[in-house]
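Worksheet: one structure, shown below.
Only the coordinates and a few stated rules stand behind these numbers; no lab work does. Quick caveat: nothing in here was measured; it's all calculated off a predicted structure.
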Amino acid sequence: MTAILRLESRKRVRGSVILVVVFALLSALYFSMFPGVQEEMDVFEEAFPEFMFDMFGIEELHTIEGFIAAEIYSFFWALLLAVYFAYVGAGLIAADVAERRMDLILSNPVSRESVVLQKVAALWVPLVVLNVAVPIVVYVGALAIGESFNPVALAMTHLLSIPYLLVCAGIGLVASVVLDRVRTARATALVLVFVLWLVEGVSSVDPDYEWIGAFTPSRYYDQTAILVHEEYALGDAGLLLVVFVVLVGIAVLLFTRRDI
């Protein structure tokens with residue numbers, strides 16, 4: 001039975017398209033800024049304290065790779081998109097429970113495990129749409145201003161972001177089955193993902209506390225290393241996938257035992 005998967009997949013199309021449009025507009029804005037920023041790079045770099053460059057992993061802003069990694073991927077992709085996936089994950093179960101739809105769903109011949117897995121599987125829509133459309137927009141935008149990316153590095157930036165985004169969705173999913181109110185679940189997931197992202201950034205500045213960042217998902221997705229240095233941490237991506245599977249397993253176990 002895949003009716004839930006089909007229904008949930010259709011529900012994700014509109015939001016995914018809107019996000020692509022948002023990223024296209026942001027990309028156009030930053031690409032239009034880059035030539036001017038490149039000419040005044042010394043002034044631009046002096047305007048920010050050095051610890052901010054370390055905190056957000058900003059490097060080589062004078063190159064198109066470093067600039068876009070800092071302006072688009074370090075914040076909008078690694079934080080705001082992560083928050084979006086946490087938000088979506090937090091509503092997968094809690095929304096249906098709160099609105100009494102879950103009783104109707106479970107009245108059909110479908111197990112609770114299948115409900116959770118089909119709802120999670122529907123995340124393929126934003127993952128595919130965003131990770132296909134956005135790199136095309138970024139690549140074409142660079143060409144439009146006379147710059148270019150290594151297409152392999154750009155593709156890997158998106159490919160290796162998938163496990164990271166899935167972990168953020170998994171955090172939201174666990175909140176969705178633990179908390180009864182959908183607003184509480186979403187708020188909890190958003191705060192957790194933001195705090196984890198912030199902790200990783202702060203811990204990277206001080207070597208004495210760097211170990212704390214090992215417990216944050218953003219430590220294992222370094223967009224600057226991929227785009228600027230063409231370093232592809234496949235092992236880190238594999239670890240994030242394992243964490244995602246564990247989070248889904250925890251969510252399934254909790255949901256099968258809870259009283260709705």
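Couple of notes before you dig in:
- Crossing angle, helix 182-203 versus the chain [Cα axis fit, 0-90 degrees, rounded to tens]: 30
- Angle between the chain longest axis and helix 161-178 axis [Cα atoms, degrees, rounded to 10]: 40
- Fluctuation leader among Gly36, Gly141, Gly213 - the chain, Gaussian network, Cα springs under 10 angstrom: Gly36
- Top of Tyr209, Tyr220, Tyr84 by mean-square fluctuation, Gaussian network on the chain, Cα under 10 Å: Tyr209
- Pairs of Cα atoms farther than 15 Å apart, the range 136-207, %: 69
- Here the sum of -39500 (n - 2.57) over DSSP H runs of 4 or more residues, divided by the residues of the chain, equals -22500 deg cm²/dmol at 222 nm, to the nearest 500.
- Degrees, to the nearest 10: 124-144 long Cα axis against longest axis of the chain: 10
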